[in-house]
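Below: one structure, written as structure tokens.
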Amino acid sequence: MAARTQGAPEYFVWEVPGKPVSIHLHLDVIDRMQADVIRGFAAVPRRGAEVGGILLGVIEPGPVSSVRIEDFEEVECEHKSGPSYVLSDEDRARFRAACDHWQPDEARPMYAVGFYRSHTRDSLALAPEDIELLDELLPSPGHVALLIKPYGGNKPSLAGFFFRENGVFPRIAALEFPFRRRELAGSGDPQPALPRPATTAYAPSARPSFPPRNPGLRTGVWIPLSSVFLLFGIALGLMIALARGSSFTSRKPQDFSLGLSVSRADDNLSVRWDHDASAIHAAGHGVLEIDDGSYTKSVDLDAAQLKNGSIIYRNASAAVRFRLSVFPNPRVTVSETAEWRK
């Protein structure tokens, strides 16, 4: 059995011989979902926090049901029970609201076609709470589930689809596949992409936090010495920051240009900036603020993403405003704004 890419090159086609379903997964969805999965995986040491939400697209029933996944909507979890994606009552209410919002509607081309979550537990299998959630809120015979198991380093995540057979979800995926564009499409590394806006009513920005491990009694012996090193580090860091601040703020005005621009690229917007700009090179991180009609979002960019010089964004309205702010040092902020109108 083998999954494959087929037809339009921007889709990965998941099929299992003899099974009555064919799933077409847009490669842009893989890029954007993988970014969310890895952020959750890095949020909690060792185990990683799971993230999840709703798959969006179209279901075409038939002897072989065709499920086309075009986008997704993350539904935040408070992680009251730990790092697993186990929904509290409040989380479940948000998930229900998202499902209600994404019911089929002739006014838009997509609706809820399934459930997804990252999986940091043993084996790639649906949990009882996953099946309960699917049976209650995504009960259609055509609805599917997607699990993604992330790994550290350069190893690609592993994923598997699940679908109902005779009304029942199997616990184990019939076929697993690498969840990375490079392996599925044979292409190079994609540009970082941002999720398409949908609704903001059930997407709080807070990430899960968990209490630190008890360090034990032995660390108490080193408290005085640690304090000395801490004070020394603070003083040294302040001296370096002041030195860097004075050197950067003395630069010419053109050194503060980011070269931010936005243009149409097929169905998306291509947002670019000058990755060779002095402020970009000096910055350790940045923030991209997006105003897209009634939708607003702030996206944190690390140094590697800044040096990449571009992102792909799928807009929802006819007028979008982007504001990029970078921080060459704690005393300096460099910002630039660009707008796109249809």
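Read-outs: derived from the displayed coordinates by stated rules, not from any lab. Here the structure is a predicted model, which means the values were calculated and not measured. Positions of Cβ are generated from backbone atoms using ideal geometry, with glycine treated the same way; all protein chains shown enter the neighbour counts.
Listed by chain and number, the aspartates and glutamates whose alpha-carbon sits under 18 Å from that of Lys342, ignoring those within fewer than 8 places in the same chain, are Asp266, Asp267, Asp291, Asp292. Inverting the pair-averaged 1/r between distinct Cα atoms of region 4-187 gives 16.6 Å as its Kirkwood hydrodynamic radius. Think of region 254-342 as a dipole: +1 on every Lys or Arg Cβ, -1 on every Asp or Glu Cβ, centred on the Cα centre; then among Val271, Ala316, Ser335, Ala316 lies furthest on the positive end. The orientation-averaged projected area of the convex hull spanned by the Cα atoms of region 253-341 comes to 5.5 nm². In the structure shown, do any of Lys80/Lys307; Lys19/Lys155; Lys80/Lys149 have a Cα-Cα gap over 27 Å, and if so which? Over 27 Å Cα-Cα: Lys80/Lys307; Lys19/Lys155.
Taking all Cα pairs closer than 8 Å and separated by 6 or more residues, the relative contact order of region 4-187 comes to 19 percent.
Between the amide H of Val144 and those of Gly114, Phe115, distances stay under 5 Å, these residues lying 5 or more places away or on another chain, with hydrogens modeled in the peptide plane. Cα centroids of region 263-342 and region 80-139: 30 Å apart.
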